[in-house]
Every structure is written in C-alpha cells, then in structure tokens.
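Colleague: Take a look at this one; I'll ask things after.
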Amino acid sequence: MKKRTIQLVSLGLILFVLTSFLQAQTRITVEVNKPGHTISPTLFGIFFEDINNSTDGGIYPELVRNRSFENADTLQYWKFQSTNGNSSALIFNAATAPQGFRRQMAGPLNPLNLKSLQVKANGSFKLLNDGYWGMNIVKGNNYLFKLAARVTDDFNSPLNIRIVSSDGKELASGVIKDFGAIWKYYPLTLTASGSDPKAHLEISGEGKGTLYLEMVSLMPEKTWKDHGLRIDLAEAQDALHPKFARFPGGSWVDGSDITRMYYWKNTIGSIDTRAEVWNLWRYYATNSIGYHEYLQMAEDMGAEAMFCINAGMGGRDIIPLDRMGQWIQDALDAIEYANGPVSSVWGGLRAKNGHPESFNLKYIEIGNENGGSAYNERWAVMVKAIHDKYPDIKIIANEWAGGHPKDPVPEIVDEHYYNNPDWFIWNSNKYDSYDRKGPKIFVGEYAVNRGTGNGNLRGAIAEAAWMTGMERNSDVVVMAAYAPLWCNINNKAWPVNLINFDSHRWFGLPSYYVQKMFADNQGTVTLLVKIENAPKVKIPVTSGSIGFGTRNCVAEFKDVQVTSTKGKVLFKTDLSKIDEKWRKSPWGDWTVQDGVLKPAPSPSQMGGFMFMGNSIFMGDTLWTDYIITLKACKISGDNGFQIYFRNKEIRSRNRWDIGGSGNTTCSLDYGLLSDAKNVSIETGRWYDIKLEIIGNTIKGYLDGQLVQEISDTKMDVKDINVSATRDEKSGDIILKIVNSSAGPVKTQIDLRGAGTLTGSGKAIVLTSGSPLDENTLEEPTKVSPKTEEVKFSGTKITRSFQGNSFTVLRLKTSK
Ligand code: AHR
C-alpha cells in the first residue's frame, strides 16, 4: 500500500473511532423522582373535518351517491339506460317546474329537497349508481335499501332492485311495487350472496307512465356502535384514543362564501330534510354526519366534543356587526341542543333525535383561521353572549394573521402549523420557553405537509419531535390535533392526510402511528429531562430573489436596490413600469406610478372589510448573500408590509414583516429561524429599510437602526428530542425518544432516582429502511411500529437509536 493511502486509511480510522466515541457521549438524564406538571387530560385529540370526502363517501356508509338528486340539474352519478330507446329520465325540479304542471302534481318530497328523478317509461329501463367510486359489498351482510317514490300517468311496473358486481354478477336482489300518487317510502333488506368492493346498484322496471324517485339509499345494516358510521374507519380513528374531537372544519366552517358556510341547524333531524351544500373542498355535502352525529361520535370515542362555529365570516364575506344576531343565537342554540334539558326547545329536539341525556359539550371555538379587527369585534360579541348564558363553556379563539383577540382575552387560542419536516424539528422546543402567563394553546391543526411526499417516515419523525415538545409543555399546550384526519384516495383535495381509504380499505401514514404511539403511551405527569451531547440540527444556506408584500394594508415601495456583499449593484428598480418577469401572487395585482410600486386595490379591499395578502417578487433566484435597500411607506390598513428575501416560491415566508399583527409586531423569518419584536410603524411616513442577508445571519434596519437580527449562531437545536412521563396508574416510566438525524445515535440513559425499576420493559420503535418510505393501500403497515422486550440492570440503559426513528421506551416499576 502506498504511504499516502496508508495515511488516509489511518485518518479515516481515527475519524471513525472519534465519531463513535462522540456518539457514545449522548446522554439523556431523566429525573424520575422529580415529577413536573400533570399532563393535560385533553392533550391529544382529533380534528374531524369534512374534506377529501371524509363523511360522504367516507365514514358515513351510504353507498348511493347523489341519492337525493340535488347535486346537479343533470343525472349526476346516475346512469340511465332505456332498452328500446323510448324511455327517458331527467332531474325534475319542483321549484322551477312550469306552474300549471306543478299544480297538477304532488309537491316535492319536502321543501328542502326540491329535485327528484323523473322517469318517463315506455318499455324497459334501468338506473345505475356506482356510489363513491364503487360500492363495497360483503358476502352474508345485510344492506338496507330504501327509496321514496310516486307515480303518475298510470305507471304500474314493479321495480327490480339489484346489487351487481363489477363483473356483472348479481349479489342481491329484491322487488318493490304498488306505487301511488303521493310520496311513500319503500324499504327492502338485501342479503349479499357474494363480495365485491366495486359493486353497483341497479333499479329497473318495465311499462308505461311516469315515475318519480327520491332519497335512494343503500346502507350496510351493521355500523359502528349502531350509530351509523363505517366500521373499519370508525375503528381506525377510535384507535387513536382521542381526548377531544374538533369538528366540522376547518375552512368548511367558513364555506367558500356565507351562503355555503356550515349552518348546524340544517344538519339535524331527518336526513331527508338536511339541505345539501356545496363543500369548498369540491363536492356536495349531504350533512348526514350532522351536528348531532358529530356529538355522538365524540361521545362514542370517549372524547370531549369541540364545535367550531362560524364567526359571521365566510370565505369571502363578513356579516355586518349589527346583523350578528343570528350567529349569536346559533351559538347559544348549539349549546342548548348539546346540553339543554329535554324541556328546552333545542334540548327537546336532541331527545327527539335519540339522545335525551346531555352531550355535555364543554368546548366551542369561534371561527376558523379568522383574524384582524373584523374577527376581534365578532369574537367580543359572541363571547359576551355565550358567557352571559353559559359561563362554564370554554371558548377558543383563532390565533391568526399573527395574533388573537385581546378583548376579552381568550382562555385558549387555536394555532395552526403546516410546514416541512425541518421546520417541525427546528421548532420542537418552541413551547419550552413559551409565555406561561398568556392564554393556553390549542394546536388545532398541524402536520408536515411539504417535503414529505404523500406522507413519509421523515415527516412522521419531524411530527414526533414536535409532539415531544407539546407533551413536555402540556401545562401550556392543552390540546393538539393533526390535520386533516381523512382522505378518500379518489378525491384528494389536500396534499397530506392522516388516514387514507377507498371503498373497503384504509391505511394510516407513518404519522398515524406516531399519533397512536403518543396516545397509547401518554403518562400522567412529566419528568424533567436533560439531553447532553446530542447531534445538532444543521441549517442550510439557501438562495432566492427579493419581493414585497402587503396583507390588510396598502403600502408603497420605491428606490429598491440589491447589492452584493462586495458592493456590486445586482439590481435596481426604475419603476416606470411593472416588469413582466416579476412574479405576482395569484390573488392580487400591482401597479407603478411616479416611480412608486404599490398593490392594486383588490375587490375585497374595495368592499372595505377584508384584504387578501398580495405579493410580488423580482431579481435572481440564485442570489445567496446580499443587501436590500429601499424606501417603504404604509398608506392605510390594519397591518404593515413585508420585504421578502431568498425567495423561490410564492408561498415561501422568508421575509421581514414590518408592522404585522395589527401593527404591533416586526417578525423576521428565514426558514427555521424566526424572531418577533413589539414594533409598530407610522402611517404616511417613508422609512429607509435595509436588510442584510449573509449566510444564516439576517439583520433588519429601519432608518439606520438595527431593529431585528436572526442567526443560527445563536440557536441550538438538537436532533434528539425526548419527552419523559410517568403513568401514575401503572407506575410505568415512559420515554419518547426521537432521533431526527440521518444516522444512529448511541445514547446512555440515566434514570435518576428510579429505585423501583424492575429492569424490564418494552421498546416500541417506528422507523424504516429509508426516511422516504410511505405506506399505501397495498402495503398499509410498511412503516409501522415494532415492539421488542427491553432488559437492563440498575438505572442506566445504553441504547442506539437508529437514524430517523421514534422510540417509546416503556419501563416497568414495582411502583
Ligand atoms: O385541514 C385543511 C385546512 O387547513 C383547514 O380546512 C383549514 O383550517 C386549514 O387551512
């Protein structure tokens, strides 16, 4: 071997020994006899949102799609076949039918269900419905078929009802007959003689005359706890042992506009009279899982129900303050429905709907992702009315647009986080130093939904790291839920969702198993943990162009210049026109006038009450280190303006937000680094702004004064995250250890003061061959936890934690 090669090999060996030595140094010390705070009894729950066909075509097991024919003016999701070509079918709308005609006919099934299917028969005909991407039919099971029908013009044919497999075999059949001139329901129980997850329903007849059909339904007889939920899916969510269930959204609470918001009063009582509404996640919602069923679902899981109610703010519009009466009353009535005595109006209805006992609703959230002054005003009036009548109800506020209402100060605020794996790892200690004097935190929606494929191991590991932070700090984070929970794989409207299913199967993301591992191994009190010598998280230096933005504000920008660190001018605006190469956010426009750049008024700005964020980007996406100088002036609005840097995509939030959160805050954010300061700016004043972007140190100056600085040199985040608890009931000591680094980390665990350890326990480990590994319908548990016995002596455990792994060590004590 040549001398140089020998030298290199020796160097490699030294490095290897050194690395192994350093690895062995990671120490986790748990103070077993120094219990900290009690873990919030409501810490981990679920967020049940009507998205991705989670209810219709999901947990609500109706097999017929568009059973009420309300979805469209055409036979949507139905097929009609006329054997001789002489029969026809159309959607009959009682509201728009010609007057004379309407007078002759019986009315609609009910005033909320105006459309029905009209078949003009002249010979044999057939109607087919595939349900929600195929009906799952299981041999030996009973299916309850029902429809409402009326006939005219002497229609007298019986109807053959068949369930047919995708390859044409009859799986069940029956006959209904003797129709009359007024609406009547015709039920049938069908027993399946075979199985097929992609079966369909056929209704056929032969003869002359006119037939009207309504509410054509086919439901499995068996449902979860006999409360009308698809069994496998209900079990999958129940297995998470949720301590609370927030419902029904999400953005669904707001709706795409105020006419399509969630009105709970339209979702109770007979399913035939529940008005169907276009769900902004792109399908018709039948509201069959209505307010009552959500409360029932929560009760059946042993979870506290949390109703998120509209705050008088739709996706596009806001109810004037002096017309909030209905919204206030809806909130009061919702509480009365859930909890009121049977003698009360709404409590009486609850009893009539099958639940005389109170549902004991304790939590109500006002609005979803609403913010700014409009929200604060509506919050104030709704809270006052609710607390005047129901002082014990816990009312949750939205934390949005960088703030939450201050009058009255909420008891609990709902924060939402969607980001990439690095962000969650980097922020895993966010709550360690959180203000304990402010409102309690409900992390109502969180998930790694970027940089995680369809939901891979790496995303799950990052969430596990983040969850250790919530558990460690559950004196302040009192509730948290992953979002969204459900997705029918045939209608995915959101990129990453916890449980995915088709007509008969489901799989959980690796994140599902993280949720379950936390839920199964919670513990009742925290134990103090110290981590030493763990690998540090490294932050990459990125590149990108610059940009400007406003939200809830009109502002002007001029004299923009970008200079390299060596003083070379990289970019200068002349601002005589908008350069076509500049990229704009899709929801706003920009103008230049007299050398000044400013957002063009958006329709909502003109409406006067709501502003969308508006941003524009320019320059080279390959720039790394540079200095931006410009002048900017706030003209009007609640907030200030933003200067973007190292920007590659419109949604990136590398920016300095000056005068955000209602002009109270300056926030400097760069990937994993962020800082917020109480700074407000004056309206009508031109500020000289300078942003220095060098390596991972960013400095922001206003009028020559350094206002804010972020730097990775000041941050110290580890790739080992731990939460330690004790379960007072079993006496078990439970350690949750996340290794988010790429390689194994050798660790010594010192359980101080744990004299009662038995030396045995188990390790539940979630990891996989690659951080990119995902689960699928075909391989539903490819990434799922494995359990092994653990034996040790004394109070020290030496263990290597694989790269990208999450381990629960559950250690027995003799109490
Ligand atoms: O969970 C998906 C959506 O994310 C929710 O509807 C909304 O609250 C959030 O923006």
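Quick note: the coordinates plus some simple rules give every number you see, no bench work behind them. Not measured: the values here are computed from a predicted model. We place every Cβ from the backbone using ideal geometry, glycine too, and count neighbours over all the protein chains shown.
Colleague: Once you keep just the Cα pairs under 8 angstrom separated by 6 or more residues, what percentage relative contact order results for the chain?
Modeller: Relative contact order for the chain comes out at 13 percent.
Colleague: Given a Förster radius of 35 Å and the C-beta distance between ARG653 and THR776 as r, what FRET efficiency does 1/(1 + (r/R0)^6) yield to the nearest 0.05?
Modeller: Efficiency computed from Cβ-Cβ geometry: 0.65.
Colleague: Could you give the angle, 0 to 90 degrees to the nearest 10, between helix 372-389's Cα long axis and the longest principal axis of the Cα atoms of the chain?
Modeller: So the helix axis and the longest Cα principal axis differ by about 60 degrees.
Colleague: So if each residue of separation counts as 0.36 nm, and I subtract the Cα-Cα distance between SER373 and SER680, what length gain in nm does that give?
Modeller: 108.9 nm
Colleague: A further question follows. Give me the distance between the Cα centres of segment 285-352 and segment 382-453, rounded to whole Å.
Modeller: 21 Å
Colleague: OK, next. Sorting check: for 577-586, 747-756, which peptide has the highest mean count of neighbouring beta carbons within 10 Å, and how do the rest follow?
Modeller: Ranking the peptides 577-586, 747-756 by packing returns 747-756, 577-586.
Colleague: Counting only C-alpha contacts under 8 Å and six or more residues apart, can you give the relative contact order of segment 161-310 as a whole percent?
Modeller: 19 percent
Colleague: Where does each of PHE645, PHE801 land when they are ranked from fewest to most other beta-carbon atoms within 10 angstrom?
Modeller: PHE801, PHE645
Colleague: Can you compute the FRET efficiency between THR189 and HIS387 using 1/(1 + (r/R0)^6), with r the Cβ-Cβ distance and R0 = 56 Å? Round to the nearest 0.05.
Modeller: 0.70
Colleague: What is the extension gain from LEU321 to ASP475, computed as 0.36 nm multiplied by their sequence separation minus the C-alpha to C-alpha distance, in nm to one decimal?
Modeller: In short, 51.9 nm is gained.
Colleague: Between THR624 and ASN454, how high is the FRET efficiency from 1/(1 + (r/R0)^6) when r is the Cβ-Cβ distance and R₀ = 35 Å? Nearest 0.05.
Modeller: 0.65
Colleague: Same structure again: Rounded, prolate or oblate for segment 546-681? Axes are the square roots of the Cα gyration tensor eigenvalues, ordered a ≥ b ≥ c, and the cut-off for rounded is a/c under 1.5.
Modeller: Oblate shape, in that a/c is at least 1.5 and b/c is the bigger or equal ratio.
Colleague: Now a separate question. Starting at the first residue of segment 175-189, write each ³J(HN,Hα) from the Karplus equation 6.51 cos²θ - 1.76 cosθ + 1.60 with θ = phi - 60°, in whole Hz, x for Gly and Pro.
Modeller: 10, 10, 7, 6, 7, x, 7, 10, 4, 8, 8, 10, x, 8, 9
Colleague: Then there is this: Compare the peptides 108-114, 228-234, 528-534, 354-360 by average per-residue count of other Cβ atoms within 10 angstrom and give them in order, highest first.
Modeller: 228-234, 108-114, 528-534, 354-360
Colleague: Taking neighbour counts of Cβ atoms within 10 Å as a proxy for exposure, in what order, fewest first, do ARG350, ARG274, ARG316 appear?
Modeller: ARG316, ARG274, ARG350
Colleague: With a ≥ b ≥ c taken as the square roots of the eigenvalues of the C-alpha gyration tensor of segment 320-390, please select rounded if a/c is under 1.5 and otherwise prolate if a/b is larger than b/c or oblate if it is not?
Modeller: prolate
Colleague: What percent does the relative contact order of segment 409-529 come to when contacts are Cα pairs within less than 8 Å and at least six residues apart?
Modeller: 25 percent
Colleague: Helix 3-23 sits at what angle to the longest principal axis of the chain, using alpha carbons and giving 0 to 90 degrees rounded to 10?
Modeller: 70 degrees
Colleague: Using a simple spin-label model with points 7 Å from Cα along the Cα→Cβ vector, what separation in nm is obtained for ILE635 and GLU411?
Modeller: About 4.5 nm, to one decimal.
Colleague: Using a basic spin-label model with each label point 7 Å from the Cα along Cα→Cβ, how many nm lie between SER433 and GLU235?
Modeller: 4.8 nm
Colleague: Follow-up. Working from Cα positions, state the angle (0 to 90°, nearest 10) between the long axis of helix 457-472 and the longest principal axis of the chain.
Modeller: On a 0 to 90 degree scale, this one is about 80.
Colleague: Another question about this same structure. How large is the dipole of segment 62-131 about the Cα centre if only Lys and Arg carry +1 and Asp and Glu carry -1, each at its Cβ, rounded to the nearest 20 debye?
Modeller: That gives a dipole near 180 debye.
Colleague: Quick one: Debye curve from the alpha-carbon atoms of the chain only, equal weights, vacuum; give me log10 I(q)/I(0) at q = 0.09 Å⁻¹ to two decimals.
Modeller: Those come out to -1.00, one per q.
Colleague: Only counting other Cβ atoms within 10 Å, I'd like ILE546, ILE734 sorted with the fewest neighbours first.
Modeller: By the 10 Å Cβ count, ascending, the order reads ILE734, ILE546.
Colleague: Using helices alone, what [θ] at 222 nm do you get for the chain, with -39,500 (n - 2.57) per DSSP H run of 4 or more residues, divided over all residues and rounded to the nearest 500?
Modeller: Here the helix-only value at 222 nm equals -5000 deg cm²/dmol.
Colleague: While we're here: Compare the peptides 364-376, 47-59 by average per-residue count of other Cβ atoms within 10 angstrom and give them in order, highest first.
Modeller: Ranked by mean Cβ neighbours within 10 Å, highest first: 47-59, 364-376.
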